[in-house]
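Asks: Quick one: this structure, given as structure tokens, is what I'll be asking you about.
The values are calculated or read from the model by the stated rules, or taken from the named source; none is laboratory data. Everything quoted here is computed from the prediction, not taken from an experiment. Every residue, glycine as well, gets a Cβ built from its backbone with ideal geometry; the counts of neighbours run over all protein chains shown. The accessibility values were calculated without ligands, DNA or RNA, using every heavy atom of the protein model including side chains. Shrake-Rupley method; radii C 1.70, N 1.55, O 1.52, S 1.80 Å.
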Amino acid sequence: MAQELFNIDKEKDFSEWYTEILKRADIADVRYPVKGFIAYHPYGNSAMKKIMRYLEDGLERTGHLEGRFPIFIPKSVFGKEAKHLAGFEEEVYWVNKAGLNNLEEPLVVRPTSETAMYPMFSLWIRSYSDLPMRIFQTLPVYRYETRATRPLIRSREIAWFNEAHTAHATAEDASKQMDVGRELYNELHHFLGVPYIEVKSPKWELFPGAAEAYEYFVRFPDGRFLESGSVNNLAQSFSKVYDVGFEGEDGERHYAYQTCYGVSERLLACTMSYHGDNKGLIFLPEIATIQVIIVPILFEGAKDDITKAANKIQKELWDNGIRAQVDNSDKRPGEKFYYWEMKGVPVRIELGPKDLEKKSVMTVRRDTGEKKSVKISGIKKELPKIFEKMSKDMRVGANDFMKKHITYARTMHEIEQGIKDKNAVYFGWCGLEKCAEDIEKGFAVTIIGEPQFPKPEKKLDSCASCGNKAKVVGVAVKDY
Ligand SMILES: [Zn+2]
């Protein structure tokens, strides 16, 4: 049976586009029998792992090492930091029973790992020579979300959750570590080529006792923004509670200064949503599960030769580190083209009798449709060049795209208009929470903080809400 053509207007019907593409392109399946829990198809999971590896390489390059901490946290340990408990109490899963026995103390299923890691940090860090300590882990976390769940955006099991936790001897060292974390996250967003804003979080959003935080927001085609990561300077807010201390050079005991940062599977949602088009997904070659799909164009008489040649090319490419597959199914070539376009495979190779005669193949780029005839003998050298050009082209537009979707507002009316235009709004702000509240309530938006990237390019002298002198620039968005 012919496969139904994927053709959904991404800009106009983004919600439908997103739901359908996850299903049709074999990314994730919501039919798992626990609500809010999702099964990842290998095709989607593999792309996610490639983003994960890029990040993990960056973390290791900058002196982080991967650890592994348990999923269960005793209630008493979780609750030591009262504010942390209060923040998560309504959205953690509890384990009260093991086998037939009721547990003496209930266990929390980690919603994030501070309280699993820091008691161990307390044991592992003895003196200043053990510092800095930089540990990350990539493991699922669990949150009993009460808001509507959405695959990869708001799930109850966050299948891919990378969190890094560091401890330092001085506030200055922790502050320097913040720069490292931020650089990694800025790099990661540039690598994915998605339009994003980095903000410094408003003071009232901070964890009590924390020094500062930065958050990343990616713009989706419907004009809403999704938080894609955060970098937090916890100062001594946790170290004092979990006794993460060390003997200093002065022989005295001190509490460590800590930072933590995290990103999740949301990044896959971000890259698919931005790069895809009405025909389906477009994966960056670096993260594509299949980078090249070879479609043999079979004619009677030449079938065997073409199939053989296609399989040979596949093996040669694979041996040269290119993730190539052959579509040997019974479908017509046209159907195969649509199918693999929908799945976002970066490059298609067409191989028919005429190509074979000329000892060449036709390569087709998914993003531009650009065709190029390439000699079979040179294909393994040519493809990396096509990938490189394609990645560059796909990334280069993102920052300009983001800048085009920023409105500079001097008045409440301009804020309203910017939001209507599906933009992020940079506005002059006196910095008072009251003014942020007025804006948030007035237009059902969220003030996410002060922009760090992209930097404001216009001067905003007065607060858009109260008219007093602006101290900073704020960002208002519709968020998820
Ligand atoms: Zn104001």
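Asks: Please determine whether any residue of the range 329-339 is in contact with a helix residue (DSSP H, G or I) (Cβ under 9 Å, 6 or more places away or on another chain) and surrounded by 20 or more Cβ atoms within 10 Å (Cβ to Cβ).
Replies: The answer is no; no qualifying residue exists.
Asks: Determine whether the range 164-180 contains at least one residue that is in contact (Cβ under 8 Å) with a residue 60 or more places away in the chain, within 18 Å of Cys270 (Cα to Cα) and open to solvent by less than 20 Å² (accessible area, probe 1.4 Å).
Replies: Checked the range 164-180: no residue is in contact (Cβ under 8 Å) with a residue 60 or more places away in the chain, within 18 Å of Cys270 (Cα to Cα) and open to solvent by less than 20 Å² (accessible area, probe 1.4 Å).
Asks: Could you grab the pairs with beta carbons closer than 7 Å, sequence gap of 6+ or different chains, first residue in the range 288-314 and modelled with pLDDT of 95 or more, second one part of a helix (DSSP H, G or I) and charged (D, E, K, R)?
Replies: Here the result reads Val295/Lys336, each pair linking the range 288-314 to a residue that is part of a helix (DSSP H, G or I) and charged (D, E, K, R).
Asks: From the set of residues in the range 412-446 that are near the ligand (Cβ under 10 Å from one of its atoms) and of a type in the set (Asp, Glu), which is surrounded by the fewest Cβ atoms within 10 Å (Cβ to Cβ)?
Replies: Ranking the qualifying residues of the range 412-446, first place goes to Glu433.
Asks: Just one of Gly431, Gly467 is touching a strand residue (DSSP E or B) at 6+ places or on another chain (Cβ under 6 Å) and more than 24 Å from Cys270 (Cβ to Cβ); which is it?
Replies: Gly431
Asks: Conditions first: (1) without any contact (Cβ under 8 Å) to a residue 40 or more places away in the chain; (2) under 21 Å from Ser264 (Cα atoms); (3) acidic (Asp, Glu). Glu56 passes all but one, so which condition is the exception?
Replies: (1)
Asks: Among the residues of the range 238-289, how many are assigned to a strand (DSSP E or B), touching a helix residue (DSSP H, G or I) at 6+ places or on another chain (Cβ under 6 Å) and under 25 Å from Ala164 (Cα atoms)?
Replies: Counting residues in the range 238-289 that are assigned to a strand (DSSP E or B), touching a helix residue (DSSP H, G or I) at 6+ places or on another chain (Cβ under 6 Å) and under 25 Å from Ala164 (Cα atoms) gives 6.
Asks: Report yes if Glu172 is part of a helix (DSSP H, G or I) and out of contact with any Leu (no Cβ under 9 Å at 6 or more places or on another chain), otherwise no.
Replies: The answer is yes for Glu172.
Asks: Which residues, counting only those in the range 127-138, are of a type in the set (A, V, I, L, M) and not in a loop (DSSP other than H, G, I, E, B)?
Replies: Scanning the range 127-138 gives Met133, Ile135.
Asks: Exactly one condition in (1) assigned to a strand (DSSP E or B); (2) in contact with a Phe, Trp or Tyr (Cβ under 8 Å, 6 or more places away or on another chain) is not met by Glu215; state its number.
Replies: Glu215 satisfies all of (1) assigned to a strand (DSSP E or B); (2) in contact with a Phe, Trp or Tyr (Cβ under 8 Å, 6 or more places away or on another chain) except (2).
Asks: Let me ask something else about it. Taking the range 94-126 as the region of interest, how many residues are open to solvent by 30 Å² or more (accessible area, probe 1.4 Å) and assigned to a strand (DSSP E or B)?
Replies: Adding up the residues that qualify gives 12.
Asks: Name the helices (runs of 4 or more DSSP H) wholly within the range 323-423 that hold at least 3 residues that are at pLDDT 95 or above and not charged (D, E, K, R)? Talk me through it step by step, then tell me what you get.
Replies: Values: elements: 333-342, 353-357, 379-404, 412-420.
By residue number, 333-342, 379-404, 412-420.
Asks: Among the residues in the range 21-35, are any surrounded by 13 or more Cβ atoms within 10 Å (Cβ to Cβ) and either under 24 Å from Arg134 (Cα atoms) or not assigned by TED's automatic domain parsing to the domain that holds Arg134 (or both)?
Replies: no
Asks: Could you list all residues from the range 450-480 that are of a type in the set (D, E, K, R) and within 16 Å of the ligand (Cβ to nearest atom)?
Replies: Scanning the range 450-480 gives Glu450, Asp461, Lys469, Lys471.
Asks: Then there is this: How many residues are assigned to a loop (DSSP other than H, G, I, E, B) and within 26 Å of the chain's Cα centre (by Cα) if we restrict to the range 222-237?
Replies: Here is the first cut: in the range 222-237, the residues assigned to a loop (DSSP other than H, G, I, E, B) are 222-224, 236-237.
Adding the requirement that they be within 26 Å of the chain's Cα centre (by Cα) leaves 222-224.
The qualifying residues number 3.
Asks: Next up: Hey, could you check the range 139-155 for residues that are open to solvent by 30 Å² or more (accessible area, probe 1.4 Å), touching a strand residue (DSSP E or B) at 6+ places or on another chain (Cβ under 9 Å) and in a loop (DSSP other than H, G, I, E, B) and say which is farthest from Tyr93 (Cα to Cα)?
Replies: Among them, the one singled out is Ala148.
Asks: Now for a different question. Could you tell me whether Ser391 is outside the structural domain of Arg348 (by TED's automatic domain parsing), touching an Asp or Glu at 6+ places or on another chain (Cβ under 9 Å) and of a type outside the set (D, E, K, R)?
Replies: Criteria met by Ser391.
Asks: Name the pairs: first residue in the range 454-473 and assigned by TED's automatic domain parsing to the domain that holds Ala409 and of a type in the set (Asp, Glu), second residue assigned to a loop (DSSP other than H, G, I, E, B) and open to solvent by 100 Å² or more (accessible area, probe 1.4 Å), Cβ to Cβ under 9 Å, at least 6 apart or on different chains?
Replies: Between residues of the range 454-473 that are assigned by TED's automatic domain parsing to the domain that holds Ala409 and of a type in the set (Asp, Glu) and residues that are assigned to a loop (DSSP other than H, G, I, E, B) and open to solvent by 100 Å² or more (accessible area, probe 1.4 Å), the close pairs are Asp461/Arg410.
Asks: Pull up the range 447-456, narrow it to residues that are under 13 Å from Ile406 (Cβ atoms) and open to solvent by 50 Å² or more (accessible area, probe 1.4 Å), then point me to the one that is nearest to the chain's Cα centre (by Cα).
Replies: If we take residues in the range 447-456 being under 13 Å from Ile406 (Cβ atoms) and open to solvent by 50 Å² or more (accessible area, probe 1.4 Å), then Phe453 is nearest to the chain's Cα centre (by Cα).
Asks: With the requirement that a residue be assigned to a strand (DSSP E or B), of a type in the set (Asp, Glu) and in contact with a Ser or Thr (Cβ under 7 Å, 6 or more places away or on another chain), what does the range 434-480 give you?
Replies: Of everything in the range 434-480, just one residue is assigned to a strand (DSSP E or B), of a type in the set (Asp, Glu) and in contact with a Ser or Thr (Cβ under 7 Å, 6 or more places away or on another chain), namely Asp479.
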